[in-house]
Amino acid sequence: MSSIILVLASAALILSAFVVELVRARQAGLVDFLFTTTFVFVLLFGVAPLLVFFAFEAGAIPSEWSFVTHLAPTSGYYAYAVVVALAAYFLLLLGYRLGRSDQGTPERSTHSGLLVLAGVAFSLVGLMSLYLYARDIGGIQFMLETILAYRASAEPVYSRLGFLKTLSPVATGGTVLLFAAIQAGRRSVWMYVVFAFALAVSMLALVVNAGRLMTVQFLLLFPLYFLLRSSHRLLVPMCVAGLLIFGTITVFGHGMFDLFRGTERIATQFENASQGPAEIGIRVGLEFAYPVESLALTLRDVGTEPYAYRWFSDVPIGLAYLMPKRLFALELPETVSMQLSDLVRGPVPADLITFGYWSAGPMGIVIAAIGFGWLVARFEAWFPACRDPVMLTMRAAWIAYLCSRVMYGNPHHTFITALPLVLASAVIYFISRPATDNPQRQA
C-alpha cells in the first residue's frame, strides 16, 4: 500500500506543478524565480523518489549509493515523506501568493566604471584569500591536492585561516559585476582580459571549496542571462547549455575537483557513464535522492531524544558561523545538517522541508514552506524582469541561486554561499541612482 501511495503522491506533485506552471500569470518569459524553484522541488520530491523506488525494485542502485536506501523506498515513512512534500508545495504556493506585489523595484542607473572597480576589488579579495590560506596549510599544490580530503578517507585539512577559503568565492560576486559592466557597454580588449582574470579566480575558488552546487549556480548565470534577455528566441540553445553544465558537473564534478591528486576518480566516473544513458540517468537522479530519504528518517526519528526539535535556532547559529571560529577559538553548536548527517549516517545537507521539521515539527514545515514561498515572491519584486543589463544580470544570478535553497535549506550554508551575491547586490544599490528615464519593462 505504501508503494502505491508513494507513486501516486509523486505523480500528483509532478502533475500539480505542471498545471500550475502552465496556467499561472508571469511577469515575463517562461523562466522566473518560481519556475526554477518549482523545477528543483519537483526534481527532489517528485522525480527522485520515483526513480529510487523503481531502481530499488529492479536492484539497479549502485553499491556506493546504498545510503539513500537506509530506509527502504517501500517503507511507509518514505511514502509519508512524499505526501508531506506534496502538502509543502501547496504551502509554498500560498506563501508566494502572499508575497506577490505588482510594484517592483524602481529601475536604477548604474555607473559601469564603478562596477568594474568593485568587480576587480572582489576578485582581488578572493585571490588574496586563497593565497593566504594556501600559504598557511603548506602551499598551493597541497591545497589543490587536498580539495576532496573531507569527502575521502584522508584527514580533513584544518587551518586557523580556514575562513579565508570559505571567503574566497566572493570573487564570483566580482565576476558577476564585471559581466554586468560588459553587458552595460564596457566592451574593450582590456575589459575582457579583466573579466577572464576574474573568471579564472572564481573558478579556482569554487574548485578549492569543492562546491559542485556553487559551480553550477555560478555557470548557469551566463545562459540564464541570455535566455532572460532574449525571452523565447534562445530558449532551446540556452536550455541545452544549462542542462550540459548541470549534467556534466553533477556526474563528473568530484572527479574534476580531484584531478590535482590523480585521475582515478574521474576515470571511474567515465567508466560508469559509458554504460549507457540509463546508468547516467540513475546516477544523476540519485544525486538528488537524499532529501526524500532525509525527510523520511526525520519524520520517523526527530522530535524525541537524541534528536529534539531545534526551534529555528539554526538562524542565529548560521550567523555565528560567519565568524572565523578557528581563528578566535570559538566553540559553536552543531548545525541541523551536522545532526542530520548523524541520523542519515552520511554527510548530507538539510533541505528546506527537512529543516522545517527539525525546527518545529509539522508547524516548522508550514513556516518554512510559506516563508520560502513569500521570499521567492519578494525576489521577483526586488529583481524584476527589465531591459537594464545590470539588473537583468542580478536577476539571472539570483534565479540560479535561490532555487537551490530547496535542496540546501540549512541557514548556515545559505548565509555563507549567498554572501557574494549579497555583496554584489549591495554594491549595485549604493553606486546606482533612480533612472530618470526608466526603460520599458518587458511584457
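The values are calculated or read from the model by the stated rules, or taken from the named source; none is laboratory data. Treat the numbers as computed from the prediction; the structure is a model and nothing was measured. Cβ sites come from the backbone with ideal geometry, for glycine too, and all protein chains shown count toward neighbours.
Give the stretch 286-317 a look and list any residue that's crowded, with 19+ Cβ neighbours inside 10 Å and small (G, A, S), or say none.
A289, S294, A296
Being within 20 Å of Y78 (Cα to Cα) and either basic (K, R) or surrounded by fewer than 16 Cβ atoms within 10 Å (Cβ to Cβ) (or both) is true for just one of L6, L22, L15, L51. Which residue is that?
L15
Only one of V207, V251, V236 is assigned to a helix (DSSP H, G or I), closer than 19 Å to V125 by Cα and at pLDDT below 90; which?
After applying the criteria, what remains is V207.
Six or more apart or on different chains, Cβ atoms under 8 Å: show the pairs whose first residue is in the stretch 414-434 and assigned by TED's automatic domain parsing to the domain that holds A400 and whose second is among the polar types (S, T, N, Q) and crowded, with 20+ Cβ neighbours inside 10 Å.
Here the result reads none, with nothing in the stretch 414-434 linked to a residue that is among the polar types (S, T, N, Q) and crowded, with 20+ Cβ neighbours inside 10 Å.
Would you call V366 in the same structural domain as T298 (by TED's automatic domain parsing), buried (at least 20 other Cβ atoms within 10 Å of the Cβ) and touching a residue at least 12 places away in the same chain (Cβ under 8 Å)?
In short, no.
Looking at the stretch 268-291, which of its residues are at pLDDT below 70 and more than 19 Å from F54 (Cα to Cα)?
If the condition is that a residue be at pLDDT below 70 and more than 19 Å from F54 (Cα to Cα), then Q269, N272, A273, S274 are the ones that fit.
When I428 is evaluated against the numbered criteria (1) among the β-branched types (V, I, T); (2) touching a strand residue (DSSP E or B) at 6+ places or on another chain (Cβ under 9 Å); (3) crowded, with 22+ Cβ neighbours inside 10 Å, which criterion, by number, is the only one it fails?
So I428 meets the others, but not (3).
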